Amino acid sequence: MSCCKIVTEKAQQVLGWVDERFPLTSTYKNHLAEYYAPKNFNFWYFFGSLALLVLVIQIVTGIFLVMHYKPDASLNAAGVPVAFASVEYIMRDVAGGKFIRYMHSTGASMFFIVVYLHMFRGLLYGSYRKPRELIWLFGMAIFLCLMAEAFFGYLLPWGQMSFWGAQVIVNLFEAIPVIGPDLSIFIRGDFVVSDATLNRFFAFHVIAIPLVLLGLVTAHLIALHEVGSNNPDGVEIKKYKDANGIPLDGIPFHPYYTVKDIFGVTIFLIVFAIIIFFAPEGGGYFLEFNNFFPADALKTPPHIAPVWYFTPFYSMLRATTSDFLPYLWAFVTLVAGLTAWSVRNVWVRRLCLVLVVGVYWGFFGLTVLGKTKPLFDFAILGIHIGRGFDAKFWGVVMMGGSVLLFALLPWLDRSPVKSIRYKGGLFKTILTLFVVSFVLLGFLGTKAPGYAFFGLIPGGPVAAVSTILYLAFFGLMPWYSRLDKTKPEPERVTSK
Amino acid sequence: MSLLNKLFAAAALVVTMAGLPMGAQANEGPTLDKAPLRFDDASLQQGAKLFVNYCLSCHGASSVRYNTLTQIGLSEQQIKDNLMFAADKTGEQMMVALRRDDARKWFGVAPPDLSVIARARASEAGSGADWLYTYLRQFYRDDSRPTGWNNALFPGVGMPHVLWSLQGEQEARFVTRDDGHGNMVKQLEGLELVKPGSLTKDEYDEQVADLVSFLTWMGEPGQETRRSMGWFVLAVLSVLAVLSYLLKRAYWKDVH
Ligand code: HEM
């Protein structure tokens, strides 16, 4: 007994010594033991902690991969690129290497699954709304970093899809007027994707992006703990506190949510293990079959598809053809018109007009919807005044813009309630359409351009309609979120 | 989950599920024969023998070391005596003796490394093994080709039919058809055995099946071990899941 007492006392002293120099106890209290989270979290709230788990898995497995991987595009004695062969070396000759590699490759896809579900939770419960705008914006920055991380990483195994995928994406930058061609050479470090590209992508994948990602995740969590979590009812638990200032509907994160999240982790790991042990290729979606052919600059594969998590956005790029631009312009005009009509400010109205005219010029130049010859034409700095910009350029703008639209959500949503539980049929219908078009776009992006559903319904028009629906979800939100017939929010959270 | 959430999940699932088989249908690739794979030691050993005797002279399998073959029931001595012609140590990789530049001169292309060919050739049309099984059975005589051989699955292939002494010689039957746009095109209709080899058709198919099984095994040695480990890992994780659920429930007793 007395011996235990001494140990406890000593421990207290050590803790005291640390606390005078570093806020250990107070950090523990602020972020775990006395951080109060709403008690009504449901299924959708597992994905934040799971994203953290996957982040750790990627970093740890990544460290072990780097110990054996060689970013070298030259051919070895057997005529196989060294980088490609080093991945097979990891799979075969490194103890446990096969599982490290499969964990990392599966982890990349799982990261996107988890993050897409995490973001969808935000759409369901209005988590992006005041006061959580910055949590959402940090999340957006994380999402962009994640895409960059995946893009750079996918080049490293130096297979056919690595090579041609990177080639296609970097070539997109060529569509940017004036600086495009030089920019794409600057990114590659060469005229084609080559050893120089492989080496710089390696540097970005293992050092630059992970550092930024970790910083952003920290900022994301600091912002979250500053304002506290939202919940499936979308009401603020901080409105009702007890005498000690503790939210009545809050429970300490530790131990309640730590044990709950551990349960979530075990379920996640079961799914993860099923893929790793029984289907590490994920049916050709997680590890593309074609990527088991070493990169060959002289053999263009018949069909180059990005990995599934990029395909919704890639589909929108492909849908943006010169035939599609008139519809897109009509849509821009609709949103600008609605804005001008509802915002009673002369400067906003003028801006809308400038936007409509400017976009028309950018799309079609001085022609009638791009169908006629320009009235006149001359070039300034390589930009043809009469012709507007190439549809390819607008495709790139569409791909980038469709990702960035998420960042505007906090300011687009005008609903009086946050959670879908109290929103009306209008919002629910539009959200469903959004999800369906997102999935359709993703599916079509994995297919060759001529794909038709059941060999009958051509994919092109489906992608075009889905693109408009996707844009409408964001572009028309200020109006439909106000028109929607909502139910009154409860004062306190409801039990499940 | 509320009813709505379930609806969303169901909608997403239906769309995805519906997509998968449709993909296969719309793909107008060649039809592949299903490879009757066998992963018992005897078949894999037979496949290894065929590979070393008939393929390794042109194709390397540079990611595979000879001693990996101990996993299919061969001893180091057996490997040394029966399978190693181009190497001295069993720890060496299965390299090809042929120089790549020579090969390029003779065949127009250097024969690719076959370490992961069974994984690379998978597609919506079938597994990589199916592709290989079909490929190795569809060579036919074509005097217009420099090697004298062509292949129904890989038209204009640079590889000669190296197993012809086993299969015999096939010839192609062509028909001329309207391609739907008013052009007459020559289409391959079928292959006919014109000169038998040392094996009957069934025996040849069986040998090819062994070879393809070996190539599949070579694509990822130890894939059965991976799967059997999987069951063990799942069992452990399931126990952990139940325990952590009970723990969660115990802690959450007093939350209302
Ligand atoms: C590396 C990736 C990410 C990690 C590790 C991560 C981590 C977390 C964690 C641990 C939470 C608290 C638990 C939870 O509410 O589920 C959270 C909340 C949140 N995250 Fe993320 N996140 C990531 C990416 C994103 C992205 C891409 C977005 C959206 C653009 C986002 C938006 C949010 C929002 C709005 C909340 C507050 C949710 C609420 O209170 O209802 N996060 N995140």
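All of the numbers you see were taken from the coordinates with simple rules; none came from a lab. Remember, predicted model here, so these are calculated numbers, not experimental data. Note: ideal-geometry Cβ built from the backbone for every residue, glycine included; neighbour counts use all protein chains shown.
Worth a mention:
- The simple spin-label model puts a point 7 Å past each Cα toward its Cβ; for residue A:20 and residue A:218 those points are separated by 2.7 nm.
- Applying the Karplus relation 6.51 cos²θ - 1.76 cosθ + 1.60 with θ = phi - 60° to the stretch A:353-363 yields 3J(HN,Hα) values of 4, 4, 4, 4, 5, x, 5, 4, 4, x, 6 Hz, where x marks Gly and Pro.
- Dividing the summed helix terms, -39500 (n - 2.57) for each DSSP H run of n ≥ 4, by the number of residues in the protein assembly as shown produces a 222 nm estimate of -17000 deg cm²/dmol to the nearest 500.
- Peptides A:236-245, A:475-484 ranked from most to least packed by the mean count of surrounding Cβ atoms within 10 Å: A:475-484, A:236-245.
- Take the Cβ atoms of residue B:185 and residue B:235, set R0 to 56 Å, and the FRET efficiency comes out at 0.50.
- Spatially near lysine pairs across the stretch B:31-242, Cα under 22 Å, sequence gap of 8 or more or different chains: 5
- Residue by residue, the stretch A:482-493 carries 3J(HN,Hα) couplings of 7, 6, 3, 8, 8, 9, x, 6, x, 6, 10, 5 Hz when phi is fed to the Karplus relation 6.51 cos²θ - 1.76 cosθ + 1.60 (θ = phi - 60°); x denotes Gly or Pro.
- Cα gyration tensor shape for the stretch A:98-257, rounded if a/c is under 1.5, else prolate or oblate: prolate
- Pairwise label distance in nanometres, residue B:174 with residue A:254, each label 7 Å out on the Cα-Cβ vector: 7.7
- In the protein assembly as shown, taking the dipole from charged Cβ atoms about the Cα centre, the farthest positive-side position among B:127, B:53, A:274 is held by A:274.
- Using 0.36 nm per residue and subtracting the Cα-Cα separation, the extra length available between residue A:225 and residue A:372 on full extension is 47.2 nm.
- Counting neighbouring beta carbons within 10 Å and listing from fewest to most, the residues A:86, B:165 come out as B:165, A:86.
- Annotation for residue A:185 and residue B:225: the two label points, set 7 Å from Cα along the Cα-Cβ direction, are 5.1 nm apart.
- Taking the fewest neighbouring Cβ atoms within 10 Å as the starting point, the ordered list for A:373, A:70 is A:373, A:70.
- Point-charge dipole on Cβ atoms (K/R +1, D/E -1) for chain A, about Cα centre, debye to 20: 1480
- Kirkwood radius and radius of gyration were both taken over the C-alpha atoms of the stretch B:31-242, and their ratio Rg/Rh is 1.04.
- 5 angstrom amide H check on residue A:241, placed H, neighbours 5+ away: A:248
- Modelled FRET efficiency - R0 22 Å, residue A:285 with residue A:168, Cβ distances, 0.05 increments: 0.75
- A Förster distance of 25 Å, applied to the separation of the beta-carbon atoms of residue A:334 and residue A:116, puts the FRET efficiency at 0.35.
- Computed from backbone phi, the HN-Hα couplings of the stretch A:104-120 come to 6, 6, 5, x, 4, 5, 5, 4, 5, 4, 4, 6, 4, 5, 4, 6, 5 Hz, rounded to whole numbers (Karplus: 6.51 cos²θ - 1.76 cosθ + 1.60, θ = phi - 60°; Gly and Pro given as x).
- Amide hydrogen neighbours beyond the local backbone of residue A:39, cut-off 5 Å, H modeled: A:251
- Amide hydrogen neighbours beyond the local backbone of residue B:126, cut-off 5 Å, H modeled: none
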